[in-house]
1. Can you pull out the residues in the stretch 41-60 that are open to solvent by 80 Å² or more (accessible area, probe 1.4 Å) and of a type in the set (S, T, N, Q)?
2. Can you pull out the residues in the stretch 92-112 that are open to solvent by 60 Å² or more (accessible area, probe 1.4 Å) and more than 18 Å from Val14 (Cα to Cα)?
3. Please specify each residue of the stretch 63-91 satisfying the condition of being open to solvent by less than 70 Å² (accessible area, probe 1.4 Å) and of a type in the set (A, V, I, L, M, F, W, C).
4. Six or more apart or on different chains, Cβ atoms under 8 Å: show the pairs whose first residue is in the stretch 12-31 and within 22 Å of Thr76 (Cβ to Cβ) and of a type outside the set (A, V, I, L, M) and whose second is open to solvent by 60 Å² or more (accessible area, probe 1.4 Å) and not in a loop (DSSP other than H, G, I, E, B).
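The values are calculated or read from the model by the stated rules, or taken from the named source; none is laboratory data. Fair warning: this is a prediction, and the values are worked out from it, not measured in the lab. Positions of Cβ are backbone-derived with ideal geometry, glycine not excepted, and every protein chain shown enters the neighbour counts. Accessible surface is based on the protein model in full, side chains and every heavy atom, while ligands, DNA and RNA are left aside. Shrake-Rupley method; radii C 1.70, N 1.55, O 1.52, S 1.80 Å.
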Amino acid sequence: MAKATFHYKNLYNVLKSKYKDDVFALLNSLSLEEIIALKLELSSKNINNKLYGFTFWSNSTKIMKEALILYAVAATKSKKEAARFLGISKKVFNDAYSQFEIDKYFSDRLDG
């Protein structure tokens, strides 16, 4: 049986066609905490900075896990390698991969 590999190279390559290089330079100069805070601020700007109803605190672990899975998939060549990279079992990885619809995330961005 052939080893399954990911059909994309990395997250940067997926996103670079949609954003200018200066966006990535700016992101690179910010801390992860600053990026998250800025994203929250920009997301809430059109609604008077009120994102009521979304439980950020209790969902922060889920948000972080999704980001980690996205990075692991982008940084590795297979699901097995991504699971090993994250230090989790292949079953835990596959469950999270399905839960966060990782295939859909990348295919939506590659296709259009």
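1. Asn46, Asn48, Asn49, Ser58
2. Within the stretch 92-112, Val92, Asp95, Ser98, Gln99 qualify.
3. Ala67, Ile69, Leu70, Ala72, Val73, Ala74, Ala75, Ala82, Ala83, Leu86, Ile88
4. Phe24/Tyr12
Results for (1) modelled with pLDDT of 80 or more; (2) touching a Leu at 6+ places or on another chain (Cβ under 6 Å), shown as yes or no for each residue.
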{"position": "Tyr8", "(1), (2)": "no, no"}
{"position": "Ser31", "(1), (2)": "yes, no"}
{"position": "Tyr52", "(1), (2)": "no, no"}
{"position": "Ser58", "(1), (2)": "yes, no"}
{"position": "Lys65", "(1), (2)": "yes, no"}
{"position": "Ala72", "(1), (2)": "yes, yes"}
